[in-house]
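A.B. asks: Before anything else, here's the structure in question.
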Amino acid sequence: MTKRWSVLVIAGVLLGVMPSFAAGETKVPTLIKSGTFFVAPNGKNSWSGRIPQPNVDRTDGPFATLEAACNTARQIGTKQPRKVTIQTGQYFFNKPLVLTDKDAGLTIEAAPGANVCFYGGQKVAGWKKDGGKLYSAALPGVKQRKWDFRALVVNGRFCRRARLPEKGFFTHLSSFNVSWMTSTGGGWKRKPTNKELTRLKYRPEDISPWLDINNAELTVYHMWDESLVGVSAMDTKSHTLTFANPAGHPPGAFGVKKYVVWNVREGMTEPGQWYLDRTAGKLVYWPLSGEDMSKAKVFAPTIESIIQIKGTKNKPARNITIRGIRLSVTTTPLKAGGFGAGRFDGAVSIASGQNCRFLDLEIVNVGGQGIKVSGSDLRIEGCHVHHTGACGIRFSGIGSVVTNNHIHDVGLTYPSAIALQGGGRDAEVSHNEIHDTPYTAINCGGERNRIENNLIYRAMLELHDGGGIYCFAGKNLVLRGNFIRDIPDTGGYGSSAYYLDERSENCLVEGNLSIRVARPTHNHMAKNNTIRNNVFICDEDARFTFPRSSDFIFEKNIVYAKGKIVFDNTNALTTFKDNVLYSTEGKVQGNKMSRYSRTGSYQLQPDNNSFADPLLVEFETGKVSFAVQSPAVKLGIEPIDVSDAGPRP
């Protein structure tokens, strides 16, 4: 190295910059190995990104895009932490930002007090009247399906697609009379054929030749999930629709025959609705009263995910933090989402991450999942996830912590979506508030996971066979200190507060409260579990069900029912003592069962339980107390306090 070049290098280090070597690359100086980079709407990617606002002579300032900032930070290497700070503004992404193991130690965060929003789409303008009260805007690539989407955001609202019927459901005529052998038993006794998965026989009074199959999509309902499918053909003689993509289960499976038609002009029945007219290559919208389409803020998604952290088994993405940012507007592809609508991407996601964090994010008005992560020692904390087409938060791996989040209004496109779904082992799911979800609020299997101090209400609003907390194949799980209330039973296989399903073993359900849930606990093909010191309060009958289960301990619980109390399959209860079981009708019934069939009923006797009034003083706030003369005191039942369930201050 010449002396002259050495002087230039030393000067560059002192100034915090180095010259760029590659011919033709953007003139972004390589930074010294430390520091923070800034992004702002008034930035330029040709600047250094080292200062938060442009300097006086506008020769330097922040970057314009997050991608430029992350690419520059990556040049420093991973031996020290780096930070990208985002200034107030709206940022639009036409492709996901992808971070890898080369971004280890990176933090991306909003500047203090900044209002930062990332959009996975673009604004729609050029609206024109389209007959009557409708407006439309031509969109490039829609005819060719190069641009296709299933979510639209107008003035901050997740808008409702055109729908037929306007309310309720159509009833189709397809049947699938094959036995379901349980998930553990392998699913269907006979595998459905492709024809069975792609055909639906409709009633001619519901739909007819006016249906534009290029636009139409169907939600075909099953028992605990649904399938969103397109239409590739319509036979008006046999009244048969052929799907463009296979359903997850055949129409008519489980005896369910409901379906809905989306995205056709005939389904535009009220203000606020929209449909994507692929035949004409335009977006059609019916404005709300007072909405001026020349001023409306309309966002249509172009991508499924905004930020993706992608590691591998051998090279996990480590120590990456995303904090304080709002993310909105994503879409989903046309396919059946499967159980829990789990096949879709997250607006932000982690694959094979290690010690990564999503903190204080707001994720709103996205078409798929809000957050989807896998890896080890991941943390999701203080996030507000709402108005999503699919799930709120999904996690899997080892040692995850999901805490202090607020999740609501999920499953707006895919009603089988689960608000918070987890798996893996040694996870903590705590102090989350979850409400207004069409299916299960929390689903978690795996091993040694703790589900504690969560506040759940208004779950199971549409589908069946789920609950407030639903555990499938869970081993040594702990469900403690949760407060679940106001879950309706919409029929089918029912709804529960606490549900231990197939292969759940050695789990503890302790110190929980449920109010106004008809089936406080359902247990199916589960064994060696303990239900202890919980309080279950029902406005009508209270049902405790244990089909095909065994070796349960049910002790020191309080059950207060304004109807009768029923225990299905009492043979599953090897320990049944020191409970207060109070029915205002005076009926505490035990049922004997063979598999799923009742073989006999009898009135349970007090034995070492009490059938007297527990004399509850307070419970609505979550702080349960009872009078000193309550039979609970004599049985050694401890008062429970779940008033701090949900996010902590």
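Values quoted throughout were computed directly from the atomic coordinates according to the rules given, and no laboratory measurement underlies them. Note that the coordinates shown come from a computational prediction; the quantities given were computed from them, not determined experimentally. As a convention, Cβ positions derive from the backbone with ideal geometry for all residues, glycine included, and neighbour counts pool all protein chains shown.
A.B. asks: Residues of segment 540-569 with amide nitrogen under 16 Å from the 7 Å Cα-to-Cβ point of Ser601?
C.D. replies: In segment 540-569, the label zone of Ser601 (backbone N under 16 Å from the point 7 Å along Cα→Cβ) covers 541-546, 563-569.
A.B. asks: Between Phe92 and Lys335, how many nm apart are label points set 7 Å from Cα along the C-beta direction?
C.D. replies: So the label points at Phe92 and Lys335 sit 2.8 nm apart.
A.B. asks: How about segment 423-525: which GluC sites (Glu not before Pro) there lie in a loop by DSSP and see at most 15 other Cβ atoms within 10 Å?
C.D. replies: On the way: sites: Glu428, Glu433, Glu447, Glu452, Glu462, Glu502, Glu505, Glu510; in loops: Glu462, Glu502.
Answer by residue number: Glu462.
A.B. asks: Something else about it: How far is helix 3-15 tilted, in degrees, relative to the longest principal axis of the Cα atoms in the chain, given as a value from 0 to 90 rounded to the nearest 10?
C.D. replies: Taking the Cα atoms of the chain, the angle to 3-15 is about 40 degrees.
A.B. asks: For segment 122-299, I need the span (max minus min coordinate) of the C-alpha atoms along each principal axis, in Å, sorted largest to smallest.
C.D. replies: Principal-axis extents of the Cα atoms in segment 122-299, largest first: 56, 38, 30 Å.
A.B. asks: Quote the FRET efficiency, to the nearest 0.05, computed for Lys587 versus Val617 with a Förster distance R0 of 35 Å and r equal to the Cβ-Cβ distance.
C.D. replies: About 0.90, to the nearest 0.05.
A.B. asks: Need the full-extension length gain, Asn476 to Lys295, defined as separation in residues times 0.36 nm minus the C-alpha distance. One decimal, nm. It would help to have the intermediate numbers written out before the result.
C.D. replies: Values: separation 181, 0.36 × 181 = 65.16 nm, distance 5.55 nm.
Residue separation times 0.36 nm, minus the Cα-Cα distance, leaves 59.6 nm.
A.B. asks: Normalised radius of gyration for the chain, please: alpha carbon Rg relative to 2.2 N^0.38 Å, two decimal places.
C.D. replies: On the way: Rg = 28.0 Å, N = 649, 2.2 N^0.38 = 25.8 Å.
Taking the Cα Rg and dividing by 2.2 N^0.38 Å, one obtains 1.09.
A.B. asks: Same structure again: Note the full-extension length gain between Lys237 and Lys195 as 0.36 nm times their separation in residues minus their Cα-Cα distance, in nm to one decimal.
C.D. replies: The Lys237-Lys195 span can extend by a further 13.3 nm.
A.B. asks: How long are the three semi-axes of the equivalent ellipsoid of segment 563-618, in whole Å, if each is the root of 5 times an eigenvalue of the C-alpha gyration tensor, listed from largest down? Mind showing how you got there, number by number?
C.D. replies: Values: eigenvalues 103, 32, 17 Å².
In descending order the semi-axes read 23, 13, 9 Å.
A.B. asks: Would you mind getting me the FRET efficiency between Leu288 and Gln629? Use the beta-carbon distance for r and R0 = 41 Å, nearest 0.05. Working shown, then result.
C.D. replies: Values: r = 58 Å, r/R0 = 1.41.
Calculated transfer efficiency: 0.10.
A.B. asks: Just list whichever of Lys95/Lys313; Lys191/Lys310; Lys133/Lys237; Lys129/Lys297 have alpha carbons separated by over 27 Å in the model shown.
C.D. replies: Working: Lys95/Lys313 24 Å; Lys191/Lys310 35 Å; Lys133/Lys237 34 Å; Lys129/Lys297 17 Å.
Correct reply: Lys191/Lys310; Lys133/Lys237.
A.B. asks: Same structure again: Kindly state, to the nearest 0.05, the FRET efficiency for Ser594 paired with Ala114, given R0 = 60 Å and r defined as their beta-carbon distance.
C.D. replies: Values: r = 63 Å, r/R0 = 1.05.
Once rounded, the FRET efficiency stands at 0.40.
A.B. asks: Moving on. Out of all DSSP beta bridges with both ends in the chain, state the antiparallel percent to the nearest 5.
C.D. replies: Details: 49 of 190 bridges.
In the chain, DSSP labels about 25 percent of beta bridges as antiparallel.
A.B. asks: Return the distance in nm (one decimal) between the two label points of a simple spin-label model at Asp206 and Arg648, each offset 7 Å from Cα along Cα→Cβ.
C.D. replies: 5.0
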